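Here is the structure we will look at.
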Amino acid sequence: MLKTEIIEKIKKLKQKKNAVLLAHYYQRSEVQDIADFLGDSLQLSQAAAKTKADIIVFAGVYFMAETVKILSPKKKVLIPDLSAGCSLADSCKAEDFKEFIEQNPGYTVISYVNTDASVKALTDICCTSSNALQIVNSLPKDKKIIFGPDRNLGNYIKSLTGRENMLIWDGACHVHEAFSVENIIDFRKQYPQAKVLAHPECKEPVLLLADYIGSTSALLAFSASDNTQTYIVATEPGIIHQMRQKSPKKEFIPASSSNTLSSEVDDSCGACSNCEFMKLITLEKIYDSLLNEQFEVNIEENIRQKAEKSIVKMLNL
Ligand code: 13P
Ligand code: SF4
């Protein structure tokens, strides 16, 4: 089927079934282009909580689709590929996290949304990279905090707040951990006028070289409002599609995890640090998902209710 035909069929099916398509900024460009709502993980969970659609097709990874289902249990939530997982969520299994919490009584548990529903159910307040600082700062200075699962985001927040009473789970995202200081220095030599933008899931030495650190949407907003011409982008390169749309005259270079310098972003670009889980979602799979109403995300009600509390606390803050 031609791409234009698939897009037309997706539109018709969405209308017929009162469905919406939500897509994360790390999705393939062609998926981003047909989304009803595009955003980072926080914006998508907020959009999902408000939609009046009967079916939500989620173009992103499984924990994000699960978050949508937690907030909209009566809606049919579909993910076009069940293998769209997340290395960060996988680095924190509920049984291990539970043991960690039990070993450290008296701590408030804050979890990044990049977790399974069963980990959210063990959590007091969720956060995303957009609001992690705000959530941590909402607790009195003397409150002891367990922060999971991303060690880089956790340590970054710890350094910003100066809190000594934060215990950090030792998890990480393989995509963001792959950016190295050596590569960023090489990029800086090639593009001396450029600013380096980095996601807080990158390792501390990389963050120390960044001119601006922020969540996916914060990096996008910064690149649009700042007056530099060239940017080296140390996060998943899917976001560059939106950066280029908002600032067509600026140059955005994906900070690859290899030494190959590439100003071309391609969804299958070998030199770029693509998240292979995010890129599993294709137009064809979105069409199949709508047509066959597959693959439905379901969560055990007891877990869902507990997980909902921690997400709602975050949304209320
Ligand atoms: P955001 O919270 O910035 O959307 O990031 C989600 C994610 O998966 C980062 O790797
Ligand atoms: Fe998970 Fe990393 Fe992919 Fe984000 S980029 S979805 S944290 S594996």
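Per-structure values
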quantity	calculated
Computed [θ] at 222 nm, helices only, for the chain once each DSSP H run of length n ≥ 4 contributes -39500 (n - 2.57)	-12000 deg cm²/dmol
Shape category assigned to the stretch 166-209 from the gyration tensor of Cα positions, a/c cut at 1.5	prolate
Length gained when the stretch residue 142-residue 49 is fully extended (0.36 nm per residue, less Cα-Cα span)	30.2 nm
Filter on 12/120; 75/246; 16/74; 246/285; 14/313; 75/285 - keep pairs with C-alpha separation over 25 Å	12/120; 75/246; 246/285; 14/313
Cα shape, the chain, gyration tensor, a/c 1.5 rule	oblate
Sequence-separation-based contact order of the chain, relative, with Cα cut under 8 Å and 6+ spacing, percent	22 percent
DSSP-assigned coil residues among GluC sites (Glu not before Pro) in the stretch 160-251, each with at most 10 further Cβ atoms within 10 Å	164
At most 16 other Cβ within 10 Å, DSSP loop - trypsin sites (Lys or Arg not before Pro), the stretch 15-85	17, 52, 74
Net length gained if the chain between residue 249 and residue 293 were fully extended (0.36 nm per residue, minus Cα distance)	11.8 nm
Whichever aspartates and glutamates have a C-alpha closer than 13 Å to that of residue 279, once near sequence neighbours (fewer than 8 apart) are set aside	30, 81, 236, 266, 267
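Every number here is computed from the coordinates shown, using simple stated rules; none is lab data. All values derive from a computational prediction rather than experimental measurement. All Cβ positions, even for glycine, are placed from backbone atoms using ideal geometry, and neighbour counts span all protein chains on display.
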